[in-house]
Amino acid sequence: SARQPIPFPHKTHIAKKAVCTDCHETVEKGPIAGIPSVKTCMICHDQIATDHALIKQVANYSQKGIEIPWQRVYGFTHEAHVRFQHAPHIRAKVDCAACHGDVANQTVAERVVNHTMGFCVNCHRQKGASNDCLTCHY
């Protein structure tokens, strides 16, 4: 599993009523959910929990103008020739947890769902979505 520079507490943020799209803001607009920029963190943490040790680390990245070097947890290899798009899945009301597991109860995001072709094909079959090769592959 990927080693993160800061043990980002998803669970804490969800408990405070944050939703995935608050931070992963490009998920509704395009192919990638996007790893939040340090600016996104500072929208809230410029004023919230500023004395917390982890927030001080985030603020330090921000003050230096350096992005937090988050490590991707999910994604397809170039060799898979998969052209995955988040936006149509969001429009189809697929819950984030369907593909990413119960991140709301994780501290640091962990890969708990294997995105195999069978996983995707079965879901498409259940939801009546296209299973044409070119839907996902290039």
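What residues have an amide H closer than 5 Å to that of Ile32, excluding those fewer than 5 places away on the same chain, when H is modeled at 1.01 Å from N in the peptide plane?
Sorted by chain and number, the residues that satisfy this are His86.
Using DSSP to call loops (not H, G, I, E or B), can you name the trypsin sites (Lys or Arg not before Pro) in segment 83-138 whose Cβ has at most 16 other Cβ atoms within 10 angstrom?
Numbers: sites: Arg83, Arg91, Lys93, Arg111, Arg125, Lys127; in loops: Arg83, Lys93, Arg111.
Answer by residue number: Arg83, Lys93, Arg111.
Might you report the magnitude of the Cβ-based charge dipole of the chain about its Cα centre, with Lys and Arg at +1 and Asp and Glu at -1, to the nearest 20 debye? Display every interim value, and only then the final one.
Numbers: 15 positive and 11 negative charges, 16 e Å.
Here the size comes out at about 80 debye.
Provide the solvent-accessible area of Cys44, counting protein heavy atoms only and rolling a 1.4 Å probe, rounded to the nearest 10 Å².
The accessible area of Cys44 comes to roughly 70 Å².
Distance cut-off 25 Å, Cα to Cα: go down the list Lys39/Lys93; Lys17/Lys39; Lys29/Lys64 and report the pairs above it.
Numbers: Lys39/Lys93 28 Å; Lys17/Lys39 20 Å; Lys29/Lys64 29 Å.
Too far apart for the 25 Å limit: Lys39/Lys93; Lys29/Lys64.
How high is the relative contact order of segment 1-87, in percent, counting Cα pairs under 8 Å that sit 6 or more residues apart?
Numbers: 70 pairs, mean separation 33.1, N = 87.
Result for segment 1-87 is 38 percent.
To the nearest Å, what is the center-to-center distance of segment 85-138 and segment 1-52, using C-alpha atoms only?
21
Hey, how much of the P(r) for segment 10-61 falls beyond 13 Å, as a percent of Cα pairs?
Working: 826 of 1326 pairs.
Above the 13 Å cut-off, segment 10-61 has 62 percent of its Cα pairs.
Carbon-plus-sulfur fraction of the accessible area of the chain, 1.4 Å probe, in percent?
Numbers: 5560 of 9610 Å².
Carbon and sulfur together cover 58 percent of it.
Can you run phi through the Karplus equation (6.51, -1.76, 1.60; θ = phi - 60°) for segment 127-138 and list ³J(HN,Hα) in whole Hz, with x for Gly and Pro?
Result, rounded to whole Hz: 9, x, 8, 4, 10, 4, 3, 6, 5, 10, 10, 10.
With angles folded into 0 to 90 degrees, how steeply does helix 53-64 sit against the dominant principal axis of the chain? Use alpha carbons for both and round to 10.
Relative to the chain, helix 53-64 is tipped by roughly 90 degrees.
Bin by bin, in steps of 10 Å, what percent of the Cα pairs in segment 6-138 do you find, going until the bin that has the longest distance?
10, 38, 31, 15, 5, 0
Any number yet on Rg/Rh for segment 36-78, C-alpha, Kirkwood?
Numbers: Rg = 12.4 Å, Rh = 11.3 Å.
Taking Rh as the inverse mean 1/r over Cα pairs, Rg/Rh reads 1.09.
Between the DSSP loop rule and a limit of at most 10 other Cβ atoms within 10 Å, which GluC sites (Glu not before Pro) in segment 3-99 are left? Could you put the intermediate results ahead of the total?
Details: sites: Glu25, Glu28, Glu67, Glu79; in loops: Glu67.
Those that pass, being in a loop and sparsely packed, number zero.
If Rh is defined by the Kirkwood formula over all Cα pairs and Rg also comes from Cα, what ratio Rg/Rh do you get for segment 60-138?
Values: Rg = 15.5 Å, Rh = 14.8 Å.
When Rh is taken as the Kirkwood radius, the ratio is 1.05.
The values are calculated or read from the model by the stated rules, or taken from the named source; none is laboratory data. These numbers were taken from a predicted model, which means no experiment stands behind them. Note that we place each Cβ from the backbone using ideal geometry, even for glycine, and neighbour counts take in every protein chain shown. For the accessible areas, the whole protein counts, side chains as well, though only heavy atoms, and no ligand, DNA or RNA atoms are used. Shrake-Rupley method; radii C 1.70, N 1.55, O 1.52, S 1.80 Å.
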